[in-house]
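Data block below; observations after.
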Amino acid sequence: MTKQYEVTKTNDQWRADLSPSEYAVLRQAGTERPWTGALLDEKRVGIYRCRACSNELFRSETKFDSRCGWPSFYSPLAGDRVELIEDRSLGMIRTEVRCARCGSHLGHVFDDAPQTPTGDRFCMNSVSLTFEEQEG
């Protein structure tokens, strides 16, 4: 049984709305190259949203430098904003992070950040997110 998301589109509609690199990551669970993402060094106060549906996902207060090459957060805005799914690709077990509103692939979460309040590292693809600056 396939989960029904609040935002649903056909593959052709997603392709029309997203750039090829956005489609490859968001809809085909690809990964951008490390250290290349536009949001990696973003330091302003604001909200990170799903590029595919604008769902609010993370706040800048939870972003930290994990030195992994991708934007990292220790907690989503709220637990119901993301969906965690077991990922057994690449011969290992990981936890995929998807947008709970449209099902788009965002990245993975790892429990290897003891320096954070949660111990988690939500390792996100910049191309999966948009950033909205807020007055600090």
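Things to note:
- Segment 37-47, residues that are surrounded by 14 or more Cβ atoms within 10 Å (Cβ to Cβ) and in contact with a Ser or Thr (Cβ under 7 Å, 6 or more places away or on another chain): Gly37, Leu39, Leu40, Gly46
- If you go through segment 58-84 and keep only what is of a type in the set (A, V, I, L, M), surrounded by fewer than 16 Cβ atoms within 10 Å (Cβ to Cβ) and modelled with pLDDT of 95 or more, you end up with just Leu84.
- If you check Pro20, Pro34 for being closer than 13 Å to Met124 by Cβ, under 18 Å from the mean Cα position of the chain (by Cα) and surrounded by fewer than 16 Cβ atoms within 10 Å (Cβ to Cβ), only one passes: Pro34.
- A single member of Glu96, Glu83, Glu56 is under 30 Å from Thr10 (Cα atoms) and touching a helix residue (DSSP H, G or I) at 6+ places or on another chain (Cβ under 7 Å), and it is Glu56.
- Qualifying residues in segment 37-58 (those that are free of Cβ contacts under 8 Å to residues at least 40 places away in the same chain and farther than 12 Å from Leu129 by Cα) - the one farthest from the chain's Cα centre (by Cα): Lys43
- Filter result (of a type in the set (Ser, Thr, Tyr) and on the phi < 0 side of the Ramachandran plot) within segment 42-58: Tyr48
- The residues listed here are Thr130, Thr95; of these, the one that is under 20 Å from Ala38 (Cβ atoms), surrounded by fewer than 18 Cβ atoms within 10 Å (Cβ to Cβ) and modelled with pLDDT of 95 or more is Thr130.
- Subset of segment 105-136 (residues that are more than 12 Å from the chain's Cα centre (by Cα) and either closer than 16 Å to Tyr74 by Cβ or free of Cβ contacts under 8 Å to residues at least 40 places away in the same chain (or both)): Phe110, Asp111, Asp112, Ala113, Pro114, Gln115, Thr116, Pro117, Thr118, Gly119, Asp120
- Which listed residue is in contact with a Cys (Cβ under 8 Å, 6 or more places away or on another chain) and of a type in the set (D, E, K, R), from Glu86, Glu6, Glu42, Glu96: Glu6
The values are calculated or read from the model by the stated rules, or taken from the named source; none is laboratory data. All values derive from a computational prediction rather than experimental measurement. Don't worry about glycine lacking a Cβ; one is built from the backbone with ideal geometry, like all the others, and counts go over all protein chains shown.
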